[in-house]
Amino acid sequence: MRPPSRCYTPDSKSHYNVPQDSSDHAKQFDYDERSSSTHGFPTALYDDLHTNLPTDVMQFIDHGFPESTPEYPSRCHVEQYVRSYADTHDLHRLIQLNKEVVSIKYDAGQKHWECKVQDLLSPGLLPKLILFDAVVVCTGRANHPYIPDVPGLRELAEARPGCIMAAREYRRATDHCGQFVLVVGGAFSGSDIARQLSYTAGNVHISMTKIEKDTDSETDKDMPVVGVDGCNPHNMPVTHPRIECIMPKEILFTDGTAMPIPDRIIYATGYLYVYPFIDSNNPQSLAYRLPTHRQHANNELPEAELPPFTDGHKVNDLYKYLLYIHNPTLAIFGTPFRIAPFPFYEYQAHYLAHVYKGIVLLPSAEQMLDEWNKLVAEFPGKKVNEMGMLQIDYRNDLLDTVDRFSEAKSDSGKRLHRVERGSTWADRCFNTLVNRKRHLGY
Ligand SMILES: Cc1cc2nc3c(=O)[nH]c(=O)nc-3n(C[C@H](O)[C@H](O)[C@H](O)COP(=O)(O)OP(=O)(O)OC[C@H]3O[C@@H](n4cnc5c(N)ncnc54)[C@H](O)[C@@H]3O)c2cc1C
């Protein structure tokens, strides 16, 4: 029997607009009475969810999964694992649950962050103002679904309310018995959902971007492509390329083929970077006006040059994917994707702790901006956050930077180590789909 879950929200809906293709268009969460287990925050977990990474790749460096855990565990195992991590490190004394940060703003005169925090158990009370020296944002990536705009989509959403949903809302295949379903997106969630639906839905179609396996891009090689493995052999999903447009009675694809409008279209096309508690179009409310101390003295940039904090596809001006260049007392965790998140965060935390302790000194704002702009030029749009194999170089860079500054101070994090591209960890990370097929059959 499964242990009770406090993260899974069995009957809640996520909130979004159709289309939803930029942070300005993203619908903000409302308090949702149906998600009582998480006090209004429906999560992205679906019932029969197993990890796409093996335990030894996804676990924190100093905290293994219990021996008895399957190699590709269920969401319940992962929830237990995260709880045991919190228990081991006594994190409960630091974490305040059921408190939502509703706004943050930097007071450059007082040199502190003003954070307004709402107690979700007392929604009638006004948010409390709390002051902090630094803010580290760890609100996750899977909150606001990205639903690309295609001609006719808006009209379909208006004409057929409930026809369009996001993978974030998907809970179980039995909710779609006998339905005619199109899944949009063939990455991890889309391919898994199409596979599950092949056992219950009447007809399953999947629209996905074709991935060229011989591409030069290192990250594209890690992209999963939906396969026949594990699908119902009597009801195989029919694959299509991208949607070109939606007509009143049919969906046209980029190869000129068409299909009738299905009962459900499930968008598994990823997520937007949205931070409802940050006034993205007013980045001055986050930036330094006055330098606070020596190594930050150069960080003042003219206000007029500041871009919005995020456009939905990336956070702007983020040094080492972590520090807001115009005020490094603001850090954003976990913006890259196609990574092994838990160990990745450990390296980010290690680096950040050394910056905030004053051991690692930051370059000037101009140098940080220059480094970031080079990355954005090399990997335009949301590609800048897609790491794959590059996560190894990134983790090593964070570690090396700390070590360079720590040599004389014997404060180096020896717990963490360099990862090599040919290591067992790297092989198991990048060949996970082959390995998972052996264990789970898909
Ligand atoms: C379908 C699916 C499958 C996945 N499979 C894997 C996998 O196999 N392996 C893997 O390693 N990763 C997987 N991931 C990624 C996984 O979500 C991340 O590894 C992990 O959850 C990221 O942790 P996080 O703490 O950054 O974000 P989250 O787990 O999203 O946690 C963010 C927390 O912040 C809280 N929060 C949000 N806004 C506020 C606010 N304003 N104030 C206060 N609190 C707030 C949220 O309630 C939440 O508790 C999967 C994700 C999805 C959606």
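In the structure displayed, which of LYS320/LYS383; LYS314/LYS383; LYS99/LYS320; LYS27/LYS249 lie more than 18 Å apart, Cα to Cα?
Working: LYS320/LYS383 15 Å; LYS314/LYS383 9 Å; LYS99/LYS320 29 Å; LYS27/LYS249 28 Å.
From the list (LYS320/LYS383; LYS314/LYS383; LYS99/LYS320; LYS27/LYS249), the Cα-Cα distance tops 18 Å for LYS99/LYS320; LYS27/LYS249.
Sorted by packing (mean other beta-carbon atoms within 10 Å per residue), highest first, where do 55-64, 200-209 land?
With the highest mean Cβ count within 10 Å placed first, the list reads 200-209, 55-64.
Quick check: at a probe of 1.4 Å, how many percent of the accessible area of segment 75-134 sits on carbon and sulfur atoms?
Carbon with sulfur: 55 percent of the solvent-accessible area.
What whole-number volume per residue, in cubic angstrom, does the convex hull of the C-alpha atoms of the chain give? Mind dumping the intermediate values first?
Values: hull volume 73.7 nm³, N = 442.
Output value, Cα hull per residue: 167 Å³.
Provide, in order from the shortest bin, the percent of all Cα-Cα pairs of segment 338-442 in each 5 Å bin, continuing until the bin that contains the maximum pair distance.
Reading the bins upward from 0: 2, 10, 17, 19, 19, 15, 9, 4, 3, 1, 0.
How much length, in nm to one decimal, is gained on full extension between LEU440 and ARG6, taken as 0.36 nm per residue of separation minus their Cα-Cα distance?
Stretched fully, the LEU440-ARG6 segment lengthens by 153.7 nm.
Show me the ranking of peptides 277-286, 373-382 by mean Cβ neighbours inside 10 Å, starting with the highest.
277-286, 373-382
In whole percent, how big is the carbon plus sulfur part of the accessible area of segment 224-275, probe 1.4 Å, protein atoms only?
Of all accessible area on segment 224-275, carbon and sulfur atoms account for 54 percent.
Note down the nm distance, to one decimal, between modelled labels 7 Å out along Cα→Cβ at SER22 and at CYS163.
2.6
Rolling a 1.4 angstrom probe over the protein heavy atoms, how many square angstrom per residue are accessible across the chain?
On the way: 21350 Å² over 442 residues.
Roughly 48 Å² per residue, with all protein chains present.
What percent antiparallel are the DSSP beta bridges of the chain, to the nearest 5?
Given both bridge residues lie in the chain, the antiparallel proportion sits at roughly 60 percent.
Under 1.5 on a/c is rounded, so check that first for segment 69-158, then, if it is not, pick prolate when a/b is larger than b/c and oblate when it is not; a ≥ b ≥ c are the square roots of the alpha carbon gyration tensor eigenvalues. It would help to have the intermediate numbers written out before the result.
Details: a/c = 2.08, a/b = 1.09, b/c = 1.91.
Oblate.
Tell me, what ³J(HN,Hα) does each residue in segment 359-373 have, in order and in whole Hz, if you take phi through Karplus 6.51 cos²θ - 1.76 cosθ + 1.60 with θ = phi - 60° and put x for Gly and Pro?
Each residue of segment 359-373 in turn: 7, 8, 9, 7, x, 5, 4, 5, 5, 5, 5, 4, 4, 5, 5 Hz.
Under the rule of at least 5 residues apart or a separate chain, name every residue whose amide H is placed under 5 Å from the amide H of GLU244.
So GLU244 has HN proximity to LEU252, PHE253, THR254.
Would you mind telling me the share, in percent, of accessible area of segment 325-392 contributed by carbon and sulfur at probe 1.4 angstrom? Walk me through the numbers before you get to the answer.
On the way: 1490 of 2320 Å².
In segment 325-392, the share of accessible area belonging to carbon and sulfur is 64 percent.
When the chain is treated as a GNM, springs tying every alpha-carbon pair under 10 Å, which of LEU156, LEU323, LEU121 comes out with the largest mean-square fluctuation?
Greatest mean-square fluctuation among the candidates belongs to LEU121.
Sort 252-264, 178-190 by the packing proxy (mean of other Cβ within 10 Å over each peptide's residues), most packed first.
Numbers: 252-264: 14.8, 178-190: 21.6.
Result, highest mean Cβ count within 10 Å first: 178-190, 252-264.
The values are calculated or read from the model by the stated rules, or taken from the named source; none is laboratory data. Keep in mind the model is a prediction, meaning the values are calculated, not measured. No Cβ is skipped: glycine too gets one built from the backbone with ideal geometry, and neighbour counts run over all protein chains shown. Ligands, DNA and RNA are stripped out before the accessible areas are found, and what is left, the full protein with its side chains, is counted by its heavy atoms. Shrake-Rupley method; radii C 1.70, N 1.55, O 1.52, S 1.80 Å.
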